[in-house]
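K.L.:
Handing you this structure, nothing more for now.
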Amino acid sequence: MLGYRLLNTDHRVRLHSHDVKYGTGSGQQSVTGLDIQEDVNSHWIVKAANTQACPRGEPIKCGSTLRLEHLATKKNLHSHYFSSPLSGSQEISCYGDDEGEGDSGDNWIVVCSGDYWLRDDSVMLKHKDTDQYLAASGRTFGRPINGQMEIVGLESSSGSVHWQAAEGIYLHAPDFAAKHVHTEL
């Protein structure tokens, strides 16, 4: 399994989240843009949408629907018809249970040129339920997330809506085969 950092190519911030809730709007877990490259709270896991299969190592087709799970909190990148706190655009949050399950508001369409999302190419992520594009607003928060940029949904595909898979980490799933389990006390 790979954990990626997604870089907004216009503002040079990485898609970021943490267990800090919005004080307005949905009250869900906030999503921001962070200019620090090494922050662990900027890792996202690409998952299939709903019951679709997403085999590890398979390229992601342009036009496919996916989910992005925040690695640290296991909440999915989400949107809905709440206004964002700084710009009044559409709010982007993280949502779901502790198993990474949410609802249709977690589904994003990969908009890119060509057949597949290539690592060095920028893509747009269009929210399936609301048709809004994931974007960085250019506005920054005060406390408690001082200096972090507001991430929003925009109706137009122009603006700060381009994202690139930047750094990543490989997470090896542990091998818990029966031969490795100890039953003695």
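K.L.:
How much length, in nm to one decimal, is gained on full extension between residue 130 and residue 99, taken as 0.36 nm per residue of separation minus their Cα-Cα distance?
P.N.:
On the way: separation 31, 0.36 × 31 = 11.16 nm, distance 2.44 nm.
Computed gain between residue 130 and residue 99 is 8.7 nm.
K.L.:
Also: Pairs on different chains or at least eight residues apart, Cα atoms closer than 19 Å: how many lysine pairs in the stretch 2-172 fit?
P.N.:
Lysine pairs satisfying the spacing and distance rule in the stretch 2-172 number 11.
K.L.:
Below 13 angstrom from the Cβ of residue 59, what's the summed charge of the other residues (Lys, Arg +1; Asp, Glu -1)?
P.N.:
Once positives and negatives cancel, what remains is 0.
K.L.:
Go through the chain and flag any cysteine with no other cysteine's C-beta closer than 4.7 Å, please.
P.N.:
So, 54, 94.
K.L.:
Where a ≥ b ≥ c are the square roots of the eigenvalues of the C-alpha gyration tensor, would you call the stretch 1-55 rounded, which needs a/c under 1.5, or, failing that, prolate if a/b is larger than b/c, or oblate?
P.N.:
On the way: a/c = 2.08, a/b = 1.19, b/c = 1.75.
Oblate, because a/c is 1.5 or more while a/b does not exceed b/c.
K.L.:
What FRET efficiency do you get for residue 158 and residue 48 if R0 is 22 Å and r is their Cβ-Cβ distance, rounded to the nearest 0.05?
P.N.:
0.15
K.L.:
Return a whole-number percent for the relative contact order of the stretch 1-71, with Cα pairs under 8 Å and 6 or more residues apart as the contact set.
P.N.:
Working: 104 pairs, mean separation 22.5, N = 71.
Across the stretch 1-71, relative contact order equals 32 percent.
K.L.:
Of the residues 46, 161, 152, which exhibits the maximal mean-square fluctuation in a Gaussian network model of the chain defined by a 10 Å Cα contact cut-off?
P.N.:
Between 46, 161, 152, it is 46 that shows the largest mean-square fluctuation.
K.L.:
Can you pull out the GluC sites (Glu not before Pro) in the stretch 73-117 whose DSSP state is coil and whose Cβ has at most 15 other Cβ atoms within 10 Å?
P.N.:
99, 101
K.L.:
Is the shape of the stretch 1-159 best called rounded, prolate or oblate, per the rule: a/c under 1.5 gives rounded, else a/b larger than b/c gives prolate, else oblate, with a ≥ b ≥ c the square roots of the Cα gyration tensor eigenvalues?
P.N.:
Because its axes are fairly even, with a/c under 1.5, the stretch 1-159 counts as rounded.
K.L.:
Assigning unit charges at the beta carbon (Lys, Arg +1; Asp, Glu -1) and nothing else, what dipole magnitude in debye, to the nearest 20, does the chain show about its Cα centre?
P.N.:
I would put it at about 200 debye.
K.L.:
Right, another one. What residue among 9, 166, 46 has its Cα farthest toward the positive end of the dipole of the chain, where the charges are +1 on Lys, Arg and -1 on Asp, Glu, each on the Cβ?
P.N.:
9
K.L.:
Could you tell me which trypsin sites (Lys or Arg not before Pro) in the stretch 9-50 are loop residues by DSSP with no more than 16 other beta carbons within 10 angstrom of their beta carbon?
P.N.:
Taking the stretch 9-50 and a limit of 16 other Cβ atoms within 10 Å, the loop trypsin sites (Lys or Arg not before Pro) found are 12.
K.L.:
By how many nm would the segment from residue 121 to residue 81 lengthen if fully extended, with 0.36 nm per residue of separation less the alpha-carbon distance?
P.N.:
Working it through step by step, the gained length comes to 11.5 nm.
Read the figures in this text as sums done on the coordinates, not as results from a lab. Treat the numbers as computed from the prediction; the structure is a model and nothing was measured. Note that each Cβ is placed from the backbone with ideal geometry, even for glycine, and that neighbours are counted across all protein chains shown.
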